[in-house]
Amino acid sequence: MDKLIELLADGKFLEATVQTLVYVVIAMGIGGVLGLLIGVLLTVTRQGGILQNRGVYWVLNFLVNFFRPIPFVILIAAIQPLARLVVGTGIGDRALIFVLTFAATFGIARLVEQNLLTVPPGVIEAARAMGAGPIRTILTVLIPEGLGPVVLGYTFAFIAVVDMTAMAGVIGGGGLGNLALQYGYRQFNPWITWAAVLIIIVIVQLVQLLGNVLARKLLRR
């Protein structure tokens, strides 16, 4: 308990919380955009899609299926050489954010695809019948109609990325997960571990609440 009070007084928990949020926000910002792009392409290039293209769909589907199931701790090691090439280092915050973004991109891509497929084909066909081109149909019909479920998908992805940040310490990153492991688990101090867990739970609950409210408003349009 004394160590917990000491860490709170030193601002360690605040620093770790900010680090976690920075990791997640950057990963979701970049990975969210890339994932949306890939997810939309998967939706429209599949058989029967607006821009049906078997070659493009096969390549994108293969990449998503290849990278998405890899456990995050293994992915960290597997793409460390790529991290060095892209961000100049295989350890530390920059490398961690790169891996988080990489994982988020392919996870979000599949979520976007699955949610956009719930858009009734009749709505898309009606837009096409009224003379809307493929790009206009995607931007004004497909994405807006599927936005509610997509928001819930992004909420799920945000929480998943928060979970991934627990592995930050593997490559020298920080955050709440690393603080819990370093000062809680390794020093046999459950007070610190559970304090970090409670902060993570609060973050997750707030994000889930925001996602639910936003999705509900979009679905009622």
* What are the extents of the Cα atoms of region 1-120 along their three principal axes, listed from largest to smallest and rounded to whole Å? -> 63, 35, 20
* Karplus-derived 3J(HN,Hα), 6.51/-1.76/1.60, for each residue of region 13-22, Hz, glycine and proline x -> 5, 5, 4, 5, 5, 4, 4, 4, 5, 4
* What percent does the relative contact order of region 11-107 come to when contacts are Cα pairs within less than 8 Å and at least six residues apart? -> 38 percent
* **region 1-119 - accessible surface per residue (Å², probe 1.4 Å)** => 52 Å²
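Report the equivalent ellipsoid semi-axes for the chain in whole Å, largest first, defined as the square roots of five times the eigenvalues of the gyration tensor built from alpha carbon atoms. Write out the running numbers ahead of the final one.
Details: eigenvalues 296, 87, 26 Å².
Semi-axis lengths for the chain are 38, 21, 11 Å.
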* Asked: Beyond 20 Å, what percent of the Cα pairs of region 121-221 remain?
  -> 57 percent
* **Accessible area per residue, Å², region 161-213 with all protein chains present, probe 1.4 Å** => 55 Å²
* Structure fact -> Expected vector for region 110-117, Karplus 3J(HN,Hα) from phi with 6.51, -1.76, 1.60 and θ = phi - 60°, integer Hz, x for Gly and Pro, equals 5, 4, 4, 4, 4, 6, 5, 5
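Which chymotrypsin sites (Phe, Trp or Tyr not before Pro) in region 141-221 pass both tests, a DSSP loop state and at most 11 other beta-carbon atoms within 10 Å? Could you put the intermediate results ahead of the total?
Numbers: sites: Tyr154, Phe156, Phe158, Tyr183, Tyr185, Phe188, Trp191, Trp194; in loops: Phe188.
Filter output for region 141-221: Phe188.
Mean separation of Cα pairs under 8 Å and 6+ residues apart, divided by the residue count of the chain: what relative contact order is that in percent? Before the final figure, lay out each step's value.
Details: 253 pairs, mean separation 59.0, N = 221.
After rounding, I find 27 percent.
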* Asked: Considering only protein heavy atoms and a 1.4 Å probe, what is the carbon-and-sulfur percentage of the accessible area of region 73-221?
  -> 68 percent
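Suppose a student asked you for the relative contact order of region 80-162, using Cα pairs under 8 Å spaced at least 6 residues apart; what percent would you report? Before the final figure, lay out the partial values.
Details: 47 pairs, mean separation 25.5, N = 83.
Computed over region 80-162, the figure is 31 percent.
The values are calculated or read from the model by the stated rules, or taken from the named source; none is laboratory data. These numbers come from a predicted model, not from an experiment. Cβ: placed from backbone, ideal geometry, glycine included. Neighbour counts: every protein chain shown. Just the protein is used for accessible areas: all its heavy atoms, side chains included, with ligands, DNA and RNA removed. Shrake-Rupley method; radii C 1.70, N 1.55, O 1.52, S 1.80 Å.
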